[in-house]
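The values are calculated or read from the model by the stated rules, or taken from the named source; none is laboratory data. Bear in mind that the values here come from a model prediction, so they are computed numbers and not experimental data. Positions of Cβ are backbone-derived with ideal geometry, glycine not excepted, and every protein chain shown enters the neighbour counts. Side chains included, ligands, DNA and RNA excluded: accessible areas come from the protein's heavy atoms. Shrake-Rupley method; radii C 1.70, N 1.55, O 1.52, S 1.80 Å.
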Amino acid sequence: QVQLVESGGGLVQAGGSLRLSCAASGSIFSIIHMSWYRQSPGNHRELVASITSSGSTNYADSVKGRFTISRDNAKNTVYLQMDSLKPEDTNVYSCTFEALEGIYWGQGTQVTVSS
């Protein structure tokens, strides 16, 4: 059974940086997209960033220029480098892998940015 395991969340001061990682345990074939979403209580889920198998990236306007998504296909891992963090970035961040055999979600990791 495939599971996505996230790491790297935590508490940071405004202006600081964090790097999230999401690795798949088990075998996944033909991953098309790897993405990061975020959601805080009472709010809708927001796509933060995504990356295709060829390396094309897409970012939410609110994080452009501050966040960078990357992937290691050999390790089935996706990363999210978050710089210049703001209090409004505080959320639960979840990764998702879209593959030919289905869509997989991580359990989420909390990111808290203090002012």
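Each residue in region 60-97 was checked for being outside any loop (DSSP other than H, G, I, E, B), of a type in the set (Asp, Glu), farther than 18 Å from Pro41 by Cα and at pLDDT 95 or above, and 0 pass.
Within region 40-52, which residues are open to solvent by 50 Å² or more (accessible area, probe 1.4 Å), outside any loop (DSSP other than H, G, I, E, B) and either basic (Lys, Arg) or within 17 Å of Tyr104 (Cβ to Cβ) (or both)? Spell out how you get there, then give the answer.
From region 40-52, those open to solvent by 50 Å² or more (accessible area, probe 1.4 Å) are 41-47; that's our starting set.
Now restrict to residues that are outside any loop (DSSP other than H, G, I, E, B): 46-47.
Matches in region 40-52: Leu47 only.
Among all positions in region 13-26, there is at least one residue which is at pLDDT below 95, under 17 Å from Gly102 (Cβ atoms) and surrounded by 13 or more Cβ atoms within 10 Å (Cβ to Cβ). Put simply, of Gly16, Gly55 the only residue that is in a loop (DSSP other than H, G, I, E, B) and touching a residue at least 40 places away in the same chain (Cβ under 8 Å) is Gly16.
Name the residues in region 98-111 that are assigned to a strand (DSSP E or B) and either out of contact with any helix residue (DSSP H, G or I) (no Cβ under 8 Å at 6 or more places or on another chain) or of a type in the set (Ser, Thr, Tyr) (or both), would you?
Let us first name the residues in region 98-111 that are assigned to a strand (DSSP E or B), namely 98-99, 102-106, 109-111.
Correct list: Glu98, Ala99, Gly102, Ile103, Tyr104, Trp105, Gly106, Thr109, Gln110.
Could you tell me whether Thr109 is among the polar types (S, T, N, Q) and open to solvent by 30 Å² or more (accessible area, probe 1.4 Å)?
Spelling it out, it is not the case that Thr109 is among the polar types (S, T, N, Q) and open to solvent by 30 Å² or more (accessible area, probe 1.4 Å).
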